[in-house]
Amino acid sequence: MADAVGELIACHECDRLHWQAALPPGGRADCNNCGALLYRDIPDSLNRALALYLTALLLFIIANSFPFLALEFGGRVESNLLISGGWALYEMGMGELGLLVFLTSIVFPLLTMLGMLYLLIPLRFGERPPAMGLVWRLVNGLLPWSLLGVFLLGTLVAVIKLQDLANVIPGVALFAFAASMFAYAAARANFDPRKLWVGSPIRQLTADAARAGAPLHTCHGCGLLRPLSDGLHHCPRCGSRLHYRKTDSVNRTWALLIAAALLFIPANVFPIMEVIQFGQGEPDTIISGVIKLIGAGFWGLGLLVFFVSIVVPVAKLVSLAWLLKTVQKRSSWRPRDRTRLYRVTEVVGSWSMVDVFLVGLLTGLVSLDVLATVRPGIGATFFASVVILTMFAAMSFDSRLIWDTCDEDGETDEHVQGSSEVPA
Ligand SMILES: [Zn+2]
Ligand SMILES: [Zn+2]
């Protein structure tokens, strides 16, 4: 990665400036201020990422074309496609939930893979694709909402939950889906985003300009640094909107958190689904579903669902509220740990979608008329809203605010990364 060595970058979590250094093969550079990953050396990144994204796409097409799961019940076999869950929710009059399942488990992952291939194939042959910035922004925007892993976990929960009701037969598509998820995760891990901008005519600001100590804009899309005094509204390299700190971050995050906290009440009061067997059944809330799972002997599964559906959303609400409070009080208490807490909050949030996927999958799978049916409940919609709002809340929080007050103690000097030399 010779091109970027010696260039200045800002840590995206604390805004500390670093000079990029050459790394040993497979090495990584972490921010010495907050501990965030800055960049990694990935040998042969373009080839690896391209091969893995192609593999993920092919497997994903297979996963969408063949039976996903089949249910054998009283001599009848009903097989389902991946899309069945979302469709069944729509047919049961819960179109908004069906759309959410459809988008996060099929459309967004597919668009992410296609977008990455659109970027990687020309780059592999030394060409720069048209509208590169636009496609990269689209991919970046969809990444947090492409929930292949979460959907797979939801599927596993559904399969185990159904075992006492019927015989579940996994289809070809389920295996293809799981393999696609692993290839997709590996593709993401093997892609070095710095490769995108190697041939870009727009360069970083010079060392002299950085030394002048003027405030800088960091582009969230591509990491480009420009002096604030340029007066630019959009990144000249990728087209992302530029702002010194996320716009109105504290107020927006508060608003989203309060809305999520309010919706968490109906999400737990109203049933999320109803399993009807031989014309009988009773509605289940999140908690009663967990209790039933534990009662049926599925301890691990019950605790897992409890963790992702109750512990994670509550912990997320509390920790984001606390982070906002400390920022508002301009606290300088352990900024590194607070940044770490924020990092965890951002990562774990989407796993709460397991319960929403579970409702979708069970609704799609179990539609055996009089024998057994699963009906979604309005609680699932409230719960999905909580998950989405807390995810938006985490995205709208600007972790650099944690450091803004700490930096006032005279720690704004540039730090040298690794063994690199500060260019003269
Ligand atoms: Zn940092
Ligand atoms: Zn940019």
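A few comments on the model shown:
- Residues of type lysines that residue 161 reaches as a straight line, Cα spacing below 26 Å, ignoring anything fewer than 8 places off in the same chain: 292
- For region 137-234, the alpha carbon convex hull comes to 147 Å³ per residue, rounded to a whole number.
- Footprinting exposure proxy for 118, 39, 184 (fewest neighbouring C-beta atoms within 10 Å first): 118, 39, 184
- Using the Cβ-Cβ distance between residue 124 and residue 241 with R0 = 35 Å, the FRET efficiency computed as 1/(1 + (r/R0)^6) comes to roughly 0.75.
- Taking other C-beta atoms within 10 Å as the exposure proxy, 337, 192 rank 337, 192 from fewest upward.
- Paramagnetic label reach from residue 277 (point 7 Å along Cα→Cβ; backbone nitrogen cut-off under 20 Å): within region 53-84, residues 70-79.
- Globularity ratio of region 222-316, using Cα Rg and 2.2 N^0.38 Å: 1.81
- Near residue 233, once Lys and Arg are set to +1 and Asp and Glu to -1 for all other residues with Cβ below 13 Å from its Cβ, the sum equals +1.
- At 0.890 mPa s and 25 °C, Stokes D of region 261-363 from Kirkwood alpha-carbon radius, µm² per second: 157
- Computed E for residue 292/residue 322 - FRET, C-beta separation, R0 30 angstrom, nearest 0.05: 0.35
- Debye-sum result for the chain in log10 I(q)/I(0), which assumes one identical scatterer on each alpha carbon, at q = 0.08, 0.09, 0.11 Å⁻¹: -0.51, -0.64, -0.92
- Restricting region 276-342 to trypsin sites (Lys or Arg not before Pro) in coil, as DSSP defines it, with at most 15 other Cβ within 10 Å: 329, 330
- Helix axis angle, 286-295 relative to the chain longest principal axis, alpha carbon, degrees: 60
- Put simply, the Cα atoms of region 292-340 extend 49, 16, 9 Å along their principal axes, the longest span coming first.
- Counting neighbouring Cβ atoms within 10 Å and putting the fewest first, the residues 15, 230 line up as 230, 15.
- Overall, region 145-302 carries a charge dipole of about 900 debye about its Cα centre when +1 sits on the Cβ of Lys and Arg and -1 on the Cβ of Asp and Glu, all other atoms neutral.
Every number in this text was worked out from the coordinates using simple rules, so none of it is lab data. All values derive from a computational prediction rather than experimental measurement. So basically every Cβ, Gly included, is an ideal-geometry build from the backbone, and we count neighbours across all protein chains shown.
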